[in-house]
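Working notes, structure below.
The values are calculated or read from the model by the stated rules, or taken from the named source; none is laboratory data. Note that this is a predicted model, so its numbers are computed, not measured. Cβ placement follows ideal geometry from the backbone for every residue including glycine, while neighbour counts extend to all protein chains displayed.
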Amino acid sequence: MTKKCNKYEFLFVSGDEKALMEHLAVCKDCANEHLEMQKISNIVKEVKPYFKKKKEKNLLLVKMTASVFLIFSAYFSINIIDLNNNPTQTAYFKDVSVIEEMGFPVDEYGLLVIE
């Protein structure tokens, strides 16, 4: 039983392309492993665009959801502020005009009368 060569990983990781190719020409075990790695690399390159599109699609969905949330929260916060703090809204629902409460002369609509 022959021992399997395990230099492929070291040569591949070290980045010395010339030494790797020289070793692959001599060693059948490492040449077979290199072919398997090339097949896997080709599969990864083929599938990569599909994963990238899926990621972009998910990112678009997150952006749209955040936009809708911000629009609704802004709308409801503005309405709450207007109903609670806007003096014209509270004056609209009162029977007496704000100007009349201040002691100025008003007409039947609650508007200031200048004589």
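Structure notes:
- Count of the range 62-109 residues which are of a type in the set (G, A, S), surrounded by 10 or more Cβ atoms within 10 Å (Cβ to Cβ) and at pLDDT 85 or above: 2
- The residues on offer are K52, K39, K48, K57, and the sole one that is closer than 30 Å to F10 by Cα and modelled with pLDDT under 85 is K48.
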